[in-house]
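Enquirer: Have a look at this one before I ask anything.
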Amino acid sequence: MYDLIIIGSGPAGLSAAIYGKRAGLNLLVLEKNPMSGGQVLNTYEVDNYLGMPGADGFDMGMKFREHADKVGVEFREASALSIENREEGKLIRTDGGDLTARAVILATGAVHAVLGAEGEERLSGRGVSYCATCDGAFFRGKTAAVVGGGDVALEDAIYLARLCKKVYLIHRRDELRGAFVLQKELKELPNVEILYSHVVEEIRGGEVVEGLLVKNLKTGESISLSLEGVFVAVGIRPGTELVRDLVDCDEGGYVLAGEDCVTSVPGIFAAGDVRKKPIRQIATAVADGANAAVSAGSYLKL
C-alpha cells in the first residue's frame, strides 16, 4: 500500500509529487498519457509564469517532469478507472491492475469542450482542431477560424495570425471575455476579422474542412465562410468522472475543495483544474499541488 497516489501529472500533479516525495511519503504518480505535463505541453508560449517569460510550453512541461524524476518520483502509465473509499484506504482500479493508497490526490486536469455543431465530430482531425499550437502549422498561408472569446481563443487567434493568410474569430457574445492586453493585440492584427454575436451552425467539408456556416444571433442571418481550419476554444470540462459520485462537486463537475485542496471525503484531495476556483493557470496549479501534498501529509499523520 502506498502512502499517496497522485492521479495525473500536469503541473498540479508534478508539484504535489515533488512536495510529497521531499516529505518522505511513499508515493506513486499515475498518468494515462505517454508524457507528463498536461495542457502546458500544447501551449505555444507561456509569458506569465514567474521567472520564465516567453517560455515554450512543451519545454516547461519537460522541465517539470525532469524535476520530479530528479527527486526520485515513481511513475506508472495507466488509466484510473474508479476509486473506492474503503476503511483501510483507497482502492484505485486501473487498466493495469488494482492499487491501494492511504490517500489520493486527484490532479486529472481538464479536457476541451466541443461545439456540438454538425460536422464537428466527423471532421475532427481533418481540419477541426482543439489545439492551435499543435496543428496551426498545417494551415500556414491558409484561412482558419477560431471559435471562442476567452483568453485561450484570443491567444490561438494571435498565434494563427502569424501563420495564416486570414483568421476569423467567432464569438457568440457582443464583446470578448479575454484579457484586455490580448484583445488589444488581436484587434491590431490586419488579417484577423472578429465576428461578434455569431455561432457555428455547421462545419462543412467532404474529406477535410472546406468551410463554415455561421449564424448572426442578432439578425438571424446565416453566412458561409470558406476556410480550411477550425480551432475550437470554447472552454474545458474537468476530468472528474472518477469522483463525481464520491466527492462533492459543483454543477459543472468541478470538485468542491478550498485552498487546502481538502475534499468532502477524508483522504481525497483535489489539485489543479479539477478544483473549483476563480483562476486556472499554471501558477495556481503548481500552488494547488503544493497545498494538496501538505494537506495529504497532515492527514497521513493523523
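Enquirer: Within the range 78-120, track down each residue that is among the acidic types (Asp, Glu) and more than 30 Å from GLU202 (Cα to Cα).
Expert: GLU84, GLU87, GLU88, ASP95, ASP98
Enquirer: Something else about it: Of VAL104, VAL114, which residue is touching a Phe, Trp or Tyr at 6+ places or on another chain (Cβ under 9 Å) and part of a loop (DSSP other than H, G, I, E, B)?
Expert: After applying the criteria, what remains is VAL114.
Enquirer: Looking at the range 247-265, is at least one residue part of a loop (DSSP other than H, G, I, E, B), of a type in the set (Ser, Thr, Tyr) and either closer than 15 Å to PRO11 by Cα or free of Cβ contacts under 8 Å to residues at least 12 places away in the same chain (or both)?
Expert: There is no residue in the range 247-265 that is part of a loop (DSSP other than H, G, I, E, B), of a type in the set (Ser, Thr, Tyr) and either closer than 15 Å to PRO11 by Cα or free of Cβ contacts under 8 Å to residues at least 12 places away in the same chain (or both).
Enquirer: Given the criterion part of a strand (DSSP E or B), at pLDDT below 95 and at negative phi, identify the matching residue among ARG204, ARG237, ARG177.
Expert: Result of the check over ARG204, ARG237, ARG177: ARG237.
Enquirer: Continuing with the same structure: Being under 11 Å from ILE5 (Cβ atoms) and part of a strand (DSSP E or B) is the filter here; which residues of the range 64-81 pass it?
Expert: GLU74, ARG76, ALA80
Enquirer: Select from the range 137-163 the residues that are in a loop (DSSP other than H, G, I, E, B), closer than 18 Å to LEU182 by Cα and touching a strand residue (DSSP E or B) at 6+ places or on another chain (Cβ under 8 Å) and list them in ascending order.
Expert: Passing the criteria: GLY148, GLY149.
Enquirer: If you scan the range 65-118, which residues turn out to be under 16 Å from LEU242 (Cβ atoms), crowded, with 19+ Cβ neighbours inside 10 Å and aliphatic (A, V, I, L, M)?
Expert: ALA80, ILE83, ILE92, LEU99, ALA101, ALA103, VAL104, ILE105, LEU106, ALA107, ALA110
Enquirer: Does at least one position in the range 271-294 carry a residue that is in a helix (DSSP H, G or I), closer than 14 Å to LEU27 by Cβ and touching a Cys at 6+ places or on another chain (Cβ under 8 Å)?
Expert: yes
Enquirer: Within the set of pairs 6+ apart or on separate chains, which have a first residue in the range 121-143 that is more than 22 Å from GLU202 (Cβ to Cβ), a second that is among the charged types (D, E, K, R) and assigned to a loop (DSSP other than H, G, I, E, B), and C-beta atoms under 8 Å apart?
Expert: Going by the 8 Å Cβ cut-off, the qualifying pairs are GLY141/LYS165.
Enquirer: Still on this model: Can we say TYR168 is among the hydroxyl-bearing types (Ser, Thr, Tyr), over 30 Å from TYR2 (Cβ atoms), touching a residue at least 12 places away in the same chain (Cβ under 8 Å) and surrounded by 20 or more Cβ atoms within 10 Å (Cβ to Cβ)?
Expert: Working: among the hydroxyl-bearing types (Ser, Thr, Tyr): yes; over 30 Å from TYR2 (Cβ atoms): yes; touching a residue at least 12 places away in the same chain (Cβ under 8 Å): yes; surrounded by 20 or more Cβ atoms within 10 Å (Cβ to Cβ): yes.
In short, yes.
Enquirer: If you don't mind, there's one more thing I want to ask. From (1) under 30 Å from LEU154 (Cβ atoms); (2) surrounded by fewer than 17 Cβ atoms within 10 Å (Cβ to Cβ), pick out the condition that doesn't hold for VAL46.
Expert: For VAL46, the exception is condition (2).
Enquirer: Condition first: at positive phi and buried (at least 23 other Cβ atoms within 10 Å of the Cβ). Now tell me which residues in the range 129-161 satisfy that.
Expert: Passing the criteria: only GLY148.
Enquirer: Now for a different question. Give the residues of the range 180-201 that are in a loop (DSSP other than H, G, I, E, B) and closer than 23 Å to HIS112 by Cα, sorted by residue number.
Expert: Passing the criteria: TYR196, SER197.
Enquirer: Take the residues of the range 39-58 that are within 18 Å of GLY235 (Cα to Cα) and in a helix (DSSP H, G or I): which is nearest to the chain's Cα centre (by Cα)?
Expert: Filtering the range 39-58 for residues that are within 18 Å of GLY235 (Cα to Cα) and in a helix (DSSP H, G or I), the one nearest to the chain's Cα centre (by Cα) comes out as GLN39.
Enquirer: From the list ARG280, ARG275, which one is crowded, with 17+ Cβ neighbours inside 10 Å and touching a strand residue (DSSP E or B) at 6+ places or on another chain (Cβ under 7 Å)?
Expert: After applying the criteria, what remains is ARG275.
The values are calculated or read from the model by the stated rules, or taken from the named source; none is laboratory data. Remember, it's a predicted structure, so these values are computed and weren't measured experimentally. Backbone-built Cβ (ideal geometry, glycine too); neighbour counts: all protein chains shown.
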